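Asker: Handing you this structure, nothing more for now.
The values are calculated or read from the model by the stated rules, or taken from the named source; none is laboratory data. Everything numeric here is computed off the predicted structure, so don't read it as measured data. Neighbour counts are summed over all protein chains in view; Cβ atoms, including those assigned to glycine, are modelled from backbone coordinates with ideal geometry.
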Amino acid sequence: MYYFVVNPASRSGKGLKIWEKAEEILKEKKIEYESYILTAPGEAREMAEFLSLNKTPCTVVIVGGDGTINEFLSGLPTFEGITLGYLPTGSGNDFARGMHLPAKPKDALDLILDPEKFRHINIGITSSGDEKKYFAISSGIGFDAAICYESNASALKSILNKIHAGKLIYLINALRMLFALKPCSMRVLLDDSQLLTFQKVYFVTAMNMKYEGGGFMLCPKASPVDNYLDLIVVDNMPKAKVLAVLPTALFGKHTNFKGVHIYRCRRAVIQSENKACVHMDGEHFGFCKKVSFDLAKEKLKFIVD
C-alpha cells in the first residue's frame, strides 16, 4: 500500500497536474494506494502523525516541494516504520537535487513503484527556546533565511513559476536583500567545544545536503548520510564582493574566497548580536538571537535511484 500526500498548489498549481498524470499511471498499473490532497497549511504535519501512529510500516510518497517535505517531517513523532518516496513538484527542488532523484516525475514514480535501493538519511533539528523543528536540506540564520522569507511571501514567485522561472525569485531577492541587510556579530559553538567569533556575519547555515535556494551549492561536500552537518559562515565581506561571489555558489566555487568559512559538526549553537531571520528548508522558523542546529538520533528510510 502506498500513501500519497499531495500538495496541489506547489509551483502555482503544477503539482496538481503532475499528480493527475501520476494517478493515471497508478490506475493503469492497478497499484493499491490512498491519496491525501492537502488544502491548507498544517495538514501535511497532521497526516504525518496519523500515518506514523496508525499505518506503519508503510511507504509514504510526498508530491510537492521542499516545503511539503519539511512540513511532513515536522509531524512525525518517530521515523520508525516510515519509508519515504518523493515526486518533486516545487520550484526549488533542492531535496530532489541533493538526493540525485530523477528530474522527470514519471521517472521518479517508476523508481518508487519498483524500488531497488534505499538510504537511511540524516535529518536535522532546528531549535530555539522551546521551539523545535526538523529540516532535511538546510537550516540557517541571517541573509539566506531572509531571502527565503521574502521569496515565499512574494507574489512574483507565482508569476515566475508559471513561466518555469521560479528559481529567479531567490536571485532577485538575494540582490535586493543584500543592500538592505546589515551584518552583525555572531558566536558559533561547534560540538560544545570549539567557540568561534565573527564580527560581520551575513549568514550561518547548517547544510545536510549540498544545495539550497534553488540550486546554490553552498556546501559542496555535504551529505545526508555521513552523520555530520556542514556549516557555512559568510563573514566580513564588502557587499560588492558578496555580489560577485554569489553567482559562483551555483557551482560550489565560492568556498575559496576569503570570508567564506566551512566547518563540519554534529551540533552548532549560534548566538547573534541581534535577532535575525531563521529558516529550515526554506520555511520560516522565526526571528531569533540564539538558535541551534543538531542531527536527529533516528534516520529516515528513503527510496533512491
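Asker: For the range 1-27, what are the residues that are exposed (fewer than 15 other Cβ atoms within 10 Å of the Cβ) and not β-branched (V, I, T)?
Answerer: Matches in the range 1-27: M1, G13, K17, E20, K21, E24, K27.
Asker: Please specify each residue of the range 220-258 satisfying the condition of being within 26 Å of D192 (Cβ to Cβ) and among the small types (G, A, S).
Answerer: Residues satisfying the conditions are A222, S223.
Asker: Need a quick list: strands (runs of 3 or more DSSP E) entirely within the range 23-119 having at least 1 residues that are acidic (D, E). Walk me through how you get there before you give the answer.
Answerer: Details: elements: 33-37, 58-64, 82-88.
In the range 23-119, 33-37 are the strands (runs of 3 or more DSSP E) which contain 1 or more residues that are acidic (D, E).
Asker: May I pose another question? With Y134, Y149 as the choices, which residue is outside any strand (DSSP E or B) and either within 18 Å of Y3 (Cβ to Cβ) or in contact (Cβ under 8 Å) with a residue 24 or more places away in the chain (or both)?
Answerer: Y149
Asker: Just checking: which of the strands (runs of 3 or more DSSP E) contained wholly in the range 184-250 hold 1 or more residues that are surrounded by 14 or more Cβ atoms within 10 Å (Cβ to Cβ) and more than 23 Å from the chain's Cα centre (by Cα)?
Answerer: Strands (runs of 3 or more DSSP E) meeting the threshold: 184-190, 194-207.
Asker: Within the range 1-27, work out how many residues are within 22 Å of the chain's Cα centre (by Cα), more than 17 Å from A48 (Cα to Cα) and touching a residue at least 60 places away in the same chain (Cβ under 8 Å).
Answerer: Residues that pass the stated criteria total 7.
Asker: Now a separate question. Does D144 satisfy the criteria of being more than 20 Å from G15 (Cα to Cα), of a type outside the set (G, A, S) and either free of Cβ contacts under 8 Å to residues at least 40 places away in the same chain or not assigned by TED's automatic domain parsing to the domain that holds K27 (or both)?
Answerer: Yes: the conditions hold for D144.
Asker: Additional query: For K30, indicate whether it is on the phi > 0 side of the Ramachandran plot and either more than 19 Å from the chain's Cα centre (by Cα) or surrounded by 15 or more Cβ atoms within 10 Å (Cβ to Cβ) (or both). Break it down stepwise before answering.
Answerer: On the way: on the phi > 0 side of the Ramachandran plot: yes; either more than 19 Å from the chain's Cα centre (by Cα) or surrounded by 15 or more Cβ atoms within 10 Å (Cβ to Cβ) (or both): yes.
So K30 passes the test.
Asker: Can you run down the residue pairs with Cβ atoms below 6 Å, 6 or more apart or on separate chains, where the first is in the range 51-73 and touching a residue at least 60 places away in the same chain (Cβ under 8 Å) and the partner is part of a helix (DSSP H, G or I)?
Answerer: Sorted first by the residue in the range 51-73, then by its partner, the pairs are D66/D94; D66/F95; T68/A44; I69/F95; E71/A44; E71/R45; F72/A44; F72/A48.
Asker: Within the bounds of the range 275-291, is there any residue that is farther than 19 Å from D144 by Cα and assigned to a strand (DSSP E or B)?
Answerer: Looking for residues that are farther than 19 Å from D144 by Cα and assigned to a strand (DSSP E or B), one finds none in the range 275-291, hence no.
Asker: Here is a follow-up. Taking S52 and the conditions (1) over 21 Å from L109 (Cβ atoms); (2) within 19 Å of the chain's Cα centre (by Cα); (3) surrounded by 15 or more Cβ atoms within 10 Å (Cβ to Cβ), which numbered condition does it fall short on, given that it satisfies the others?
Answerer: Going through (1) over 21 Å from L109 (Cβ atoms); (2) within 19 Å of the chain's Cα centre (by Cα); (3) surrounded by 15 or more Cβ atoms within 10 Å (Cβ to Cβ) one by one, S52 breaks only (2).
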